[in-house]
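Colleague: Before I ask anything, here is the structure I am working with.
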Amino acid sequence: MQVGISTSCFFNQQNTEDALAPIAQLGSPRFEVFLNGFLEYEKSFCAELVRRKNVLGLDCTAVHTLGVQFEPQLFFLHQRQREGAEKVFQRALDIAAELGAKRYVMHGPLRVNGKRTQWDPQDTAERFARLCGMADARGVQLTLENVHWCLYHE
């Protein structure tokens, strides 16, 4: 097993890019980058992360985004919502590839008030196949985190 530290551990204490130095100081050679906002999807921000990662000799293993920013829309029935979310998703995958991360951690479809919303198993399977294809094309594996507010909570 390889252990790393997520930049999310420093949420509201340090900016994402500034969290890399403490991760290195704690002795972890690897990290997950948690993207907190759309400004962190910019090419210039990614370039700075790559620069700091390289200076510190760290290995980025995964990219994780704030789950409510666009991921729920990847599974909505409305085509325009899906298309817009896919553009952001592809940028997050590009960031993973640029950082050398082999995994993208996502949450999957939402549960609202403890219930599935707009859930069709066949459609969800097709959506995951499409998203996995996008990730695979960049050398990134799509992974699921089981959180209580999402369909795959247990």
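The values are calculated or read from the model by the stated rules, or taken from the named source; none is laboratory data. These numbers come from a predicted model, not from an experiment. Glycine also receives a Cβ, built like all others from the backbone with ideal geometry; neighbour counts cover every protein chain displayed. Side chains are part of the model used for accessible areas, which takes the heavy atoms of the whole protein and leaves out ligands, DNA and RNA. Shrake-Rupley method; radii C 1.70, N 1.55, O 1.52, S 1.80 Å.
Colleague: For region 1-10, enumerate the residues that are open to solvent by 40 Å² or more (accessible area, probe 1.4 Å), outside any helix (DSSP H, G or I) and among the polar types (S, T, N, Q).
Modeller: Q2
Colleague: Criterion first (in contact (Cβ under 8 Å) with a residue 60 or more places away in the chain and closer than 16 Å to A97 by Cβ) does L35 satisfy it?
Modeller: The answer is yes for L35.
Colleague: If I filter region 135-149 down to residues being at pLDDT below 95 and assigned to a loop (DSSP other than H, G, I, E, B), which single residue comes out as most open to solvent (accessible area, probe 1.4 Å)? Break it down stepwise before answering.
Modeller: Taking region 135-149 first, the residues at pLDDT below 95 are 143-149.
Narrowing the set further to residues that are assigned to a loop (DSSP other than H, G, I, E, B) leaves 145-149.
On the way: E145: 63, N146: 101, V147: 25, H148: 138, W149: 75 Å².
Once the filter is applied, the top-ranked residue is H148.
Colleague: Would you confirm whether any residue within region 32-39 is within 20 Å of Q2 (Cβ to Cβ) and hydrophobic (A, V, I, L, M, F, W, C)?
Modeller: The answer is yes, given that some residue of region 32-39 is within 20 Å of Q2 (Cβ to Cβ) and hydrophobic (A, V, I, L, M, F, W, C).
Colleague: Shifting gears a bit: Of (1) in contact with a Cys (Cβ under 9 Å, 6 or more places away or on another chain); (2) under 30 Å from Q122 (Cα atoms), I23 satisfies all except one. Which?
Modeller: Result: I23 fails condition (2) only.
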